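Have a look at the structure below, then the notes.
The values are calculated or read from the model by the stated rules, or taken from the named source; none is laboratory data. Quick caveat, the model's predicted, so the values are computed rather than measured. Every residue, glycine as well, gets a Cβ built from its backbone with ideal geometry; the counts of neighbours run over all protein chains shown. Note: accessible area is taken over every heavy atom of the protein model, side chains too, but ligands, DNA and RNA are not part of it. Shrake-Rupley method; radii C 1.70, N 1.55, O 1.52, S 1.80 Å.
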Amino acid sequence: MCGIAGYIGPKNAAQVLIVALERLKYRGYDSAGLVVSEGGKLHLRRAAGKLKELDAKLAAQPLSGHCGIAHTRWATHGPPVEHNSHPHLSADGRIAVVHNGIIENHVALRRELEGEGVVFASQTDTEVVPHLLAKYYDGKDPVAALRTVLARLEGSFALGVVFADRSDRILVAREGSPLLIGRGREPKAARTDDRRSTEGGTPWTERELLVASDIPALLPHASEFLTLEDGQIADLGPHGVRITTFAGDKVEARFRPIEVTAEAVSKGSFDSFMAKEIAEQPSVLTRLIDSRLRGGVLVEPDLGLDLASLRHIVFLACGTSWHAALLGKRFLEALARVHVEVDISSEYRYRNPVAGGDTLVVTISQSGETADTLAGLRLAKSKFLPVVGLVNTVTSTIAREANGVMPLLAGPEIGVASTKAYTAQVMALYLFAAQVAKAKGLLPRDAEEALVAAARALPDLAERTLKLCEPAVEECADLYSAAQASVFLGRGGEHPTALEGALKLKEIAYVHAVGYPAGEFKHGPIALVTKHLPVVCMCPRDAMYEKMLSNIQEVKARAGRIISVGDAADRDLRDLSDHLLPVGRAGDELLQPILSILPLQRYAYHVARRRDCDVDQPRNLAKSVTVE
Ligand code: M6R
């Protein structure tokens with residue numbers, strides 16, 4: 001959690017950094033701050049609450065200066081108040097640090113420093129770092145001081161450091177938390193007017209340099225980036241970027257072009273990223289499907305695996321990605337007859353899972369940075385199991401550490417609620433199952449043609465469903481936005497949809513919601529039903545249709561308010577329900593959950609709006625959960 005950023009270059013650092021924080025706030029947004037090194041001093045601005053509080057502070061007390069670091073926080077150690085916000089300063093105010101991750105041995109380090117007379121200003125784990133740096137910095141070699149401090153830290157971190165006496169240097173280090181370095185375009189001519197380095201008064205002639213936890217925050221100033229690896233330090237300044245390992249060995253700085261556009265990380269004409277990302281789903285699905293086909297036929301993913309010999313797969317994921325994994329299991333069982341287990345990453349990593357040499361582990365993660373899923377990946381690799389990452393962010397740690405990568409191609413997902421990444425994950429898993437089935441000889445030509453046709457028809461159906469369901473969704477949101485709780489029921493492939501619909505409502509509208517397998521509801525939870533309880537029933541015309549109708553009858557008999565999701569022309573379902581949220585019908589029943597989730601995403605969005613919730617930044621959450 002937390003996002004960090006840094007800038008050195010000819011522009012006003014504070015202004016660049018506030019935009020970078022805006023793009024990182026999905027990683028945490030309970031407080032924010034930045035520091036600029038100028039004129040031999042560090043100039044600090046911090047504020048509790050959303051980024052607009054920091055923005056207001058900066059407007060009231062603007063900063064000049066061309067070198068700074070910034071942070072947006074998701075509190076772990078200490079509540080989200082100003083004195084716990086980053087950057088944190090050494091006691092003499094000469095060194096400032098921003099940090100993403102957790103310093104696990106901070107208590108022992110704090111005791112040691114307090115014993116030496118250091119007075120702490122915050123309750124954070126991070127604050128030990130600037131104090132340690134002050135202890136080891138001799139005023140000559142900041143990298144050597146950082147290296148000494150790093151040797152004393154346990155835990156995970158991405159650190160950014162600036163010094164009062166080095167106002168054109170940023171040091172960064174990484175161990176376990178993401179950190180990217182961006183570089184601007186080659187300047188047309190050496191600049192002598194904009195700024196001068198305080199070190200020797202030499203003019204700034206290098207390209208501007210940026211640091212961030214994620215690519216969107218490097219835009220629009222950077223045109224190239226590199227990923228700092230675990231165990232590396234980078235020294236950024238007029239000399240460019242010097243990378244060394246914690247042990248001091250030199251590493252070549254290899255930049256590559258940034259392919260994400262600034263447009264992809266803006267809301268455009270939408271009122272929120274969530275609304276934009278929901279609307280993008282048809283085009284995301286089209287791009288994804290096209291990427292898995294050549295000349296209309298499925299191509300095998302380039303994973304370095306023999307798909308034909310796959311016998312056993314373990315899916316590891318959290319949250320929404322775990323719901324997609326539940327559907328992945330159904331697809332692989334149905335199409336490729338492969339035995340699949342689905343594990344929540346935070347459970348898997350603390351078990352001692354039994355795994356044979358023929359097991360493939362697939363880690364599913366939008367961000368590719370989820371700490372528990374990453375830990376699961378590392379555990380699997382330590383058992384010599386091959387690991388594939390199904391990820392959206394291809395520059396992420398999971399993508400880099402997995403043996404093979406299946407990209408989602410959904411574009412940056414910024415709203416905390418996962419929407420387009422979910423439907424892309426489901427489609428990607430369907431196509432992967434089909435690829436495995438084909439490799440095993442279980443997908444005859446005509447079946448492949450039918451499957452590809454069903455997949456290709458889905459983006460249009462999704463587009464139509466989003467339009468078709470909207471009036472009924474809004475009507476239900478008007479009627480039920482004040483309800484205290486909701487239940488979501490589904491069977492078969494619609495059980496994960498029910499779980500996902502409930503998660504969306506919980507996380508962005510703060511309504512207590514649970515998803516159940518509809519057949520299980522009568523074993524206790526049906527006691528919850530009253531005339532005040534909205535029960536959302538997933539009832540497309542699939543193999544479980546008749547069973548689901550019976551389950552709806554059971555709820556109706558107890559006066560529950562029934563909101564069904566199903567076929568617009570289904571008279572029986574309409575008669576049985578208080579409301580019907582109409583959805584299109586997929587050519588392959590396995591794909592129906594991609595359509596069924598759409599009205600539930602919009603329902604959560606509308607309920608959240610009516611309850612005055614911030615849909616992109618729900619309370620207590622962060623987009624990437626990079627702590628346990
Ligand atoms: O980036 P990941 O897919 O690994 O994230 C997993 C979960 O944290 C994530 O899906 C979370 O549940 C979302 N906020 C759900 O909308």
Pair list, Cβ < 6 Å and 6+ apart or interchain, from region 27-38 residues that are over 26 Å from residue 368 (Cβ atoms) to residues that are open to solvent by 10 Å² or more (accessible area, probe 1.4 Å) and among the aliphatic types (A, V, I, L, M): 35/42; 35/44; 36/63
Every pair of residues 6+ apart whose Cβ atoms lie under 8 Å, when the first sits in region 356-370 and is in contact (Cβ under 8 Å) with a residue 40 or more places away in the chain and within 15 Å of residue 424 (Cα to Cα) while the second is within 16 Å of the ligand (Cβ to nearest atom) and acidic (Asp, Glu): 366/413
Selected residue (criterion: farthest from the ligand (Cβ to nearest atom)) from residues of region 330-346 that are over 19 Å from the mean Cα position of the chain (by Cα) and within 21 Å of residue 504 (Cβ to Cβ): 330
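Table: residues versus (1) farther than 30 Å from residue 456 by Cβ; (2) of a type in the set (Gly, Ala, Ser).
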site	(1), (2)
354	yes, no
362	no, no
383	yes, no
402	no, yes
419	no, no
428	no, yes
433	no, yes
437	no, yes
Count of residues meeting criterion [outside any helix (DSSP H, G or I), within 16 Å of residue 390 (Cβ to Cβ) and open to solvent by 10 Å² or more (accessible area, probe 1.4 Å)] in region 328-343: 3
First in region 281-310 and in a helix (DSSP H, G or I), second anywhere and polar (S, T, N, Q), Cβ under 9 Å, 6 or more apart: 281/419; 281/423; 281/601; 284/423; 285/423; 307/435
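Kindly indicate which of 43, 71 is in contact with a strand residue (DSSP E or B) (Cβ under 6 Å, 6 or more places away or on another chain) and open to solvent by less than 10 Å² (accessible area, probe 1.4 Å).
Values: 43 fails: open to solvent by less than 10 Å² (accessible area, probe 1.4 Å).
Result of the check over 43, 71: 71.
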Of all residues making up region 239-277, the number that are outside the structural domain of residue 223 (by TED's automatic domain parsing), open to solvent by less than 30 Å² (accessible area, probe 1.4 Å) and either among the charged types (D, E, K, R) or not in a helix (DSSP H, G or I) (or both): 3
Entirely in region 347-445, the strands (runs of 3 or more DSSP E) that have 2 or more residues that are at pLDDT 95 or above, of a type outside the set (Val, Ile, Thr) and within 13 Å of the ligand (Cβ to nearest atom): 387-391
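I need the full set of residues from region 121-141 which are without any contact (Cβ under 8 Å) to a residue 40 or more places away in the chain and either in a loop (DSSP other than H, G, I, E, B) or open to solvent by less than 40 Å² (accessible area, probe 1.4 Å) (or both), in order please.
To start, the set of residues in region 121-141 that are without any contact (Cβ under 8 Å) to a residue 40 or more places away in the chain comprises 121, 127-128, 132, 135-136, 138-141.
Answer for region 121-141, where residues must be without any contact (Cβ under 8 Å) to a residue 40 or more places away in the chain and either in a loop (DSSP other than H, G, I, E, B) or open to solvent by less than 40 Å² (accessible area, probe 1.4 Å) (or both): 121, 127, 128, 132, 138, 139, 140, 141.
Do we find that residue 292 is buried (at least 21 other Cβ atoms within 10 Å of the Cβ) and basic (Lys, Arg) in this structure?
On the way: buried (at least 21 other Cβ atoms within 10 Å of the Cβ): yes; basic (Lys, Arg): yes.
Yes: the conditions hold for residue 292.
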